[in-house]
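The values are calculated or read from the model by the stated rules, or taken from the named source; none is laboratory data. Because the structure is predicted, anything quoted here is derived from the model rather than measured. We place every Cβ from the backbone using ideal geometry, glycine too, and count neighbours over all the protein chains shown.
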Amino acid sequence: MEWVAALLFITVIIFLLAGFPVAFTLGGTALIFAVAGMMGGSFNGALLSSLPNRIFGIMTNQTLVAVPLFVFMGVTLERAKIAEELLETLSSLFGSLRGGLGVSITLVGMLLAASTGIVGATVVTMGLLSLPTMLKRGYSPEISAGTICASGTLGQIIPPSIILVMLGDVMTTAYQQAQLDMGIYSPKTVSVGDLFAGALIPGLLLVFLYILYILILAFFKPNVMPAHPKEFDEKISIIRIIRALFPPLFLIFGVLGSILGGYATPTEAAGVGSMGALLISMIHRQLNLERLLEIMRYTLRISSMVFLILIGASIFSLVFRGYGGDDSVQALLESIPGGVIGAVLAVMLIMFLLGFVLDFIEITFVVVPIVGPILLAMGLDPIWLGILIAINLQTSFLTPPFGFALFYLRGVAPPSIKTTQIYRGVMPFVIIQLFTLLLIALFPELVTWLPNKIYGS
């Protein structure tokens, strides 16, 4: 009954494209197919008895507790107007450089990625603050929109990233299943800390390539990114730099350093980061009871969405496997020419294409549990594969026509900025992301070197 599994997957994709809620689409469609199969005698209803245990496992998963805590930390920092102060400071520092404002926005995006990790909030905030300034200083609409969108999506790959937390949980399950399939009954695990360490160098490499592209473009096409002739006051700027950079950098090093150093789990570090974000907000005098309640409501809404999708994805995965879908996918990947390399290329291409129409959360919870165990059973490094998937998923935010970062910027951009200009602006950055993906595929040490140095594995 493998064709039923394929029909289930296609039906889910159709309903998602139609705009139905993700969590209820995944769980509801799977249950309808399960009940229909039980009535027709093609599905073993006993499999559904494991659902309560699966849901309870999600509820008691200590790793996933980091998700609402990191969301809370990010939203708190965003409400504290950290981005505004960083942009103003770095713009004054690099403003005299041709393309300096673009470099400033990229660096701010990197810092916000490492402190908030919320793509939507970052793109909207930077769009409101920097887009009018870039246009006023003579930057072309394309490069302005592309820089803001690309910088805002850095939160996908630069730790501590929410997607890495979710991907870490999914990859752990996939890795353990792969080892059990290979006859290893004391399986190793891959932690969120491993993924954080593996993502650090690729994330910084991506930032470097963004800045390099901006500087090269500014050199050959100075008319699209003119220099700002503002005078630079060294004494004032140093004070401003310290005041703007120290709080978020202190928080980043505290959270990320404690995880990579093995002093705290991601969940514990996220708790410390949340408290640190509250203290920074209080220092900036941006915290009151009304704003705190607003932050808590937003955190609850985002966290509920993530966990409902995870529950729905668990039901979908169970029914999909009950119809033999995992065996069909395994047979398909093994039949692809080129062996392991061909299978990885096929999966990456499918994820890239799905990124045009689906959200990264949907791909993480639907596609990765299906293909992850199969690829890992072929002997691939779980950390390398996880980061490869994470960077691939990052492109889903930028790829037209349905990239979410494009919609976020479109919502705050002035009417003079056309949607086609936003699309043209992000395409060079999509190419840079794909180039980074190629580098990681060719040189796995970019991912595995730091985890091996830190954890010795």
When you go through (1) at pLDDT below 85; (2) under 14 Å from Ala313 (Cα atoms); (3) not aromatic (Phe, Trp, Tyr) one by one for Ala46, which number turns out not to apply?
(2)
Residues within the range 166-190 that are free of Cβ contacts under 8 Å to residues at least 60 places away in the same chain and outside any helix (DSSP H, G or I), tallied
7
Every residue from the range 32-55 that is under 17 Å from Glu2 (Cα atoms), among the hydrophobic types (A, V, I, L, M, F, W, C) and buried (at least 17 other Cβ atoms within 10 Å of the Cβ)
Phe33, Ala34, Phe43
Which residue, of Ile417, Ile431, Ile422, is within 26 Å of Ile211 (Cβ to Cβ), out of contact with any Asp or Glu (no Cβ under 9 Å at 6 or more places or on another chain) and part of a helix (DSSP H, G or I)?
Ile431
Is it fair to say Ile158 is under 21 Å from Leu69 (Cα atoms) and crowded, with 24+ Cβ neighbours inside 10 Å?
yes
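Listed here are the residues, each with its yes/no results for (1) within 24 Å of the chain's Cα centre (by Cα); (2) closer than 24 Å to Ala405 by Cβ; (3) modelled with pLDDT under 85.
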{"site": "Ser274", "(1), (2), (3)": "yes, no, no"}
{"site": "Arg297", "(1), (2), (3)": "yes, yes, no"}
{"site": "Ser304", "(1), (2), (3)": "yes, yes, no"}
{"site": "Ala313", "(1), (2), (3)": "yes, yes, yes"}
{"site": "Val319", "(1), (2), (3)": "no, no, no"}
{"site": "Leu332", "(1), (2), (3)": "no, no, yes"}
{"site": "Gly338", "(1), (2), (3)": "no, no, yes"}
{"site": "Leu353", "(1), (2), (3)": "yes, yes, yes"}
{"site": "Asp359", "(1), (2), (3)": "yes, yes, yes"}
Would you call Val170 surrounded by fewer than 24 Cβ atoms within 10 Å (Cβ to Cβ), of a type outside the set (S, T, N, Q) and closer than 19 Å to Phe397 by Cβ?
yes
Out of the residues in the range 237-283 that are of a type in the set (Ser, Thr, Tyr) and assigned to a helix (DSSP H, G or I), state the one that is nearest to Lys453 (Cα to Cα).
Ser258
Every pair of residues 6+ apart whose Cβ atoms lie under 6 Å, when the first sits in the range 243-269 and is more than 18 Å from Leu200 (Cα to Cα) while the second is of a type in the set (D, E, K, R) and at pLDDT below 80:
Ala244/Glu85
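Yes/no matrix, rows are residues, columns are (1) within 22 Å of the chain's Cα centre (by Cα); (2) closer than 23 Å to Val103 by Cα:
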| site | (1), (2) |
| --- | --- |
| Leu406 | yes, yes |
| Arg410 | yes, yes |
| Ala413 | no, yes |
| Ser416 | no, no |
| Val430 | yes, yes |
| Leu434 | yes, yes |
| Ile440 | yes, no |
| Glu445 | yes, no |
| Tyr455 | no, no |
Return yes or no: is Leu438 of a type in the set (A, V, I, L, M, F, W, C), out of contact with any strand residue (DSSP E or B) (no Cβ under 6 Å at 6 or more places or on another chain) and either within 24 Å of Tyr139 (Cβ to Cβ) or touching a residue at least 40 places away in the same chain (Cβ under 8 Å) (or both)?
no
Report yes if some residue within the range 435-455 is part of a loop (DSSP other than H, G, I, E, B) and of a type outside the set (Lys, Arg); otherwise report no.
yes
In the list Thr89, Thr76, Thr29, which residue meets the criterion of being in contact (Cβ under 8 Å) with a residue 24 or more places away in the chain and touching a Lys or Arg at 6+ places or on another chain (Cβ under 7 Å)?
Thr89
Scan Ser335, Ser304, Ser314 and give me the residue that is closer than 30 Å to Ile32 by Cα and without any contact (Cβ under 8 Å) to a residue 12 or more places away in the chain.
Ser304
Matching option when the condition is within 26 Å of Trp449 (Cβ to Cβ) and surrounded by fewer than 24 Cβ atoms within 10 Å (Cβ to Cβ), among Thr153, Thr89, Thr133, Thr189
Thr189
If only one of Ala145, Ala121, Ala199, Ala218 is modelled with pLDDT under 80 and in a helix (DSSP H, G or I), which one is it?
Ala121
Take the conditions touching a Ser or Thr at 6+ places or on another chain (Cβ under 9 Å), of a type in the set (A, V, I, L, M, F, W, C) and in a helix (DSSP H, G or I) and apply them to Ile163. Does it pass?
yes
